[in-house]
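The block underneath contains the structure these notes are about, expressed in structure tokens.
The values are calculated or read from the model by the stated rules, or taken from the named source; none is laboratory data. As the structure is a computational prediction, the values presented were derived from the model and not from experiment. Please note: Cβ atoms are built from the backbone with ideal geometry, for glycine as well, and neighbour counts cover all protein chains shown.
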């Protein structure tokens, strides 16, 4: 062997050894889950919706966000008035105003602004400042609710209701993702186990074919009767039917597998990384996690409480304490008025109370509305409590079923080993003429059924384990 070919052979030998030592190399469950997260449209819709709703939570600050407003107006007035005899009947008034207003969580409304007026009486006979003058008026104001929204109840409830409504929707979308990933994990194992089922069915067909050939050769030599041949031929046809059904199940599972990752349904699914019984026996049921739909029900309850609080408060009369302070400055022109902005020569201050309330709602109607709101809260509370109870019961049920499935898997493993030994023993005895063909067929049938039962129990266990994702557990 040349010096060059020796290392090549060593490398090839290592690669062959690795492939034998790791026959289950292929797409892992985690890689498939990542593909589903990236390509599944339903998951992408939920993710984008969660992102959008998370951003929209900021809407809750809308009521307490400072607002700016500005205006300009021009008035030309030529009507006859009380002072038209010396001011004339022609006047113009230009007004510019800018204001900032904000509402605090406490319910207080604060405002501050600046108003400029420019007035002209071109036909005034008095002369001087009566022909043209300007005013500059900085002002601040405050409104304190004394009844409706006292203490900021409506403001706080409105902000809370907005936030809780969006959180409820976010949690529902998170639950949809958890459900989708749970389905993806179950589908992954469905394909992996369907492939094992096809392998088992293929082996059974091969064994059955060998038995048919053996029975035919004995029948031709007149060493066996028709019944023996018919029995093995029936077994062979039955095994072919099982293989066909296993192949069809694999095709269905692979189509579902491809659909979850938004691939062509008929695309080839590459090798998957299988899981051994030893690995499954080490699976531990995780600690209880909070289901996102339960969290959504909780936030829905909080949103309902906030909304009904706003509705009830809005039925109450409004009684507000209002105060305002203005600094009024006068000058022949706008520049002069602006220059005197901070002067306190001509202040205006007032304090007042305003009251408003509905006239056409009687006490009975108000009581009915309040009662309806309270019942809506009770419905939301019952919904949340029921979801929480159902989720807790489902978690306990899943954990117990998972533990029982692990024990059943251990039992079926032992039964499978015993059935295999029994089938091998009957085959050896039959070759020595110490057992009948019927006993061999029955032993082979029992062994094949046990192997399929083993696969089904393995699938049941993996399916139960996949449902932990419904609770956000990994």
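Return the only residue of 206, 154, 170 being under 30 Å from residue 50 (Cα atoms) and over 25 Å from the mean Cα position of the chain (by Cα).
Values: 206 fails: under 30 Å from residue 50 (Cα atoms); 170 fails: over 25 Å from the mean Cα position of the chain (by Cα).
It is 154.
Can you confirm whether region 364-376 contains a residue that is closer than 30 Å to residue 97 by Cα, in a helix (DSSP H, G or I) and without any contact (Cβ under 8 Å) to a residue 12 or more places away in the chain? It would help to see each step written out before you state the result.
Restricting attention to region 364-376, the residues satisfying the condition of being closer than 30 Å to residue 97 by Cα are none.
There is no residue in region 364-376 that is closer than 30 Å to residue 97 by Cα, in a helix (DSSP H, G or I) and without any contact (Cβ under 8 Å) to a residue 12 or more places away in the chain.
Quick grid of which residues meet (1) touching a helix residue (DSSP H, G or I) at 6+ places or on another chain (Cβ under 7 Å); (2) assigned by TED's automatic domain parsing to the domain that holds residue 178; (3) modelled with pLDDT of 90 or more:
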| site | (1), (2), (3) |
| --- | --- |
| 24 | no, no, no |
| 35 | no, no, yes |
| 50 | yes, yes, yes |
| 80 | no, no, no |
| 86 | no, no, no |
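Only one of 220, 231 is surrounded by fewer than 13 Cβ atoms within 10 Å (Cβ to Cβ) and outside the structural domain of residue 410 (by TED's automatic domain parsing). Can you tell me which?
On the way: 231 fails: surrounded by fewer than 13 Cβ atoms within 10 Å (Cβ to Cβ).
Result of the check over 220, 231: 220.
Might you check whether a residue that is in contact with a strand residue (DSSP E or B) (Cβ under 7 Å, 6 or more places away or on another chain), part of a helix (DSSP H, G or I) and crowded, with 22+ Cβ neighbours inside 10 Å occurs anywhere in region 158-168? Outline the logic, then answer.
Step one: list which residues in region 158-168 are in contact with a strand residue (DSSP E or B) (Cβ under 7 Å, 6 or more places away or on another chain), which gives none.
No: region 158-168 contains no residue that is in contact with a strand residue (DSSP E or B) (Cβ under 7 Å, 6 or more places away or on another chain), part of a helix (DSSP H, G or I) and crowded, with 22+ Cβ neighbours inside 10 Å.
So, in region 191-212, how many residues would count as being loosely packed, with under 15 Cβ neighbours inside 10 Å, in contact with a helix residue (DSSP H, G or I) (Cβ under 9 Å, 6 or more places away or on another chain) and under 19 Å from residue 433 (Cβ atoms)?
0
If I filter region 97-139 down to residues being in a loop (DSSP other than H, G, I, E, B) and free of Cβ contacts under 8 Å to residues at least 24 places away in the same chain, which single residue comes out as farthest from the chain's Cα centre (by Cα)? Show your work before the answer.
First, the residues of region 97-139 that are in a loop (DSSP other than H, G, I, E, B): 104-108, 121-127, 131.
If we keep only those that are free of Cβ contacts under 8 Å to residues at least 24 places away in the same chain as well, we get 127, 131.
Numbers: 127: 75, 131: 70 Å.
Out of the qualifying residues, it is 127.
Counting only residues that are within 15 Å of residue 448 (Cα to Cα) and in contact (Cβ under 8 Å) with a residue 60 or more places away in the chain, which one in region 209-238 is nearest to the chain's Cα centre (by Cα)?
Here the answer is 235.
I'd like to check something: does region 418-438 contain any residue that is closer than 23 Å to residue 275 by Cβ and at pLDDT below 95? Break it down into steps so the answer makes sense when it comes.
First, pick out the residues of region 418-438 that are closer than 23 Å to residue 275 by Cβ: 419-420.
Next, only the ones that are at pLDDT below 95 stay: 419-420.
Within region 418-438, one or more residues are closer than 23 Å to residue 275 by Cβ and at pLDDT below 95.
Whether any residue in region 387-408 is free of Cβ contacts under 8 Å to residues at least 40 places away in the same chain and not in a helix (DSSP H, G or I) is what I want to check.
No, that holds for no residue.
Give 371, 273 a once-over and let me know the one that is surrounded by 16 or more Cβ atoms within 10 Å (Cβ to Cβ) and either over 30 Å from residue 182 (Cβ atoms) or within 29 Å of the chain's Cα centre (by Cα) (or both).
Details: 371 fails: surrounded by 16 or more Cβ atoms within 10 Å (Cβ to Cβ).
Going through 371, 273 in turn, just one is surrounded by 16 or more Cβ atoms within 10 Å (Cβ to Cβ) and either over 30 Å from residue 182 (Cβ atoms) or within 29 Å of the chain's Cα centre (by Cα) (or both): 273.
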